[in-house]
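Novice: Below you'll find the structure I mean.
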Amino acid sequence: AALHYSCDRVQCPFGIPEESFADTNVLRIPAEDGCVRGMKLIGEHLLVTTERWAYTVAGNNEANYRLVRISTRMAAVGEYQMSEFVSDAEGQGALVVFVGADSRVYAMPLGGAAVWISKEIQTYIDAALLYVRTQYQKVRVHCMSVAGQRLALVYVPGPSGAYGRTYIYDFDTRTWGWHTLQNDIGYAETGGSAAWATVSTPSAVALEVYASNN
């Protein structure tokens, strides 16, 4: 029901400010909003999602920090179900790409309207039964730029424990495709939990990187 944040050097001139949490450094969330489901830095703003809303933190110091509601589409969206898409132009706001609890994929500038971008693949996403929380929690969203292509990758689990599929959205052509694994014995596999992520070492966040057994 609350976000607690640490002191700065003005509040805590001695010791280590980052390790000190003053009683006044708290932002209250209405109990009816439910628990916090995700927090992610999008552009210069901290995005906070609850069971009902999405918030950003406005203000520049402990005297004027406040929570601002920005979206109802992001209700219950978790950290792995959203990703930042950085703007090409300096000063322009970043987009957040996310899979909503309504099983749709959206692209949304913070403070702007969420645009539904998954119409072409909606039938496949609906078949994944994402209204079941355990299914939804398997969804992964990752934005990336490869060889000049600006892409959003969305892993959608298969129903009843079946292999899922990683869909790829090209922002420039506004088209969808899907990723196909090519294994060592020469045939292609679709699915196989082909989620992508950016990690620093092969062992870091190992559950976020998948490949064929061979």
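The values are calculated or read from the model by the stated rules, or taken from the named source; none is laboratory data. This one's a predicted model, so the numbers in the text were calculated from it and none came from an experiment. Because the Cβ atoms are built from the backbone with ideal geometry, glycine has one as well, and the counts that use them run over all protein chains shown. Just the protein is used for accessible areas: all its heavy atoms, side chains included, with ligands, DNA and RNA removed. Shrake-Rupley method; radii C 1.70, N 1.55, O 1.52, S 1.80 Å.
Novice: Please pull out the direction-averaged projected area of the stretch 63-136, using the convex hull of its alpha-carbon atoms, in nm² to one decimal place.
Specialist: Average of the hull's projected areas for the stretch 63-136 equals 6.5 nm².
Novice: What do the square roots of 5 times the Cα gyration tensor eigenvalues come to for the stretch 1-126, in whole Å, largest first, as semi-axes of the equivalent ellipsoid?
Specialist: Numbers: eigenvalues 191, 58, 25 Å².
Equivalent-ellipsoid dimensions as semi-axes: 31, 17, 11 Å.
Novice: Add +1 for every Lys or Arg and -1 for every Asp or Glu among the other residues with Cβ under 12 Å from the Cβ of Thr56, and state the total.
Specialist: +2
Novice: If I compute solvent accessible area with a 1.4 Å probe over the protein chains, what percent of it on the stretch 1-147 is carbon and sulfur?
Specialist: Using a 1.4 Å probe with all protein chains present, the stretch 1-147 comes out at 52 percent carbon and sulfur.
Novice: Going by amide H atoms built from the backbone, whose H comes under 5 Å of the H on Phe85, apart from near neighbours?
Specialist: Hits under the 5 Å cutoff: Leu95, Val96, Val97.
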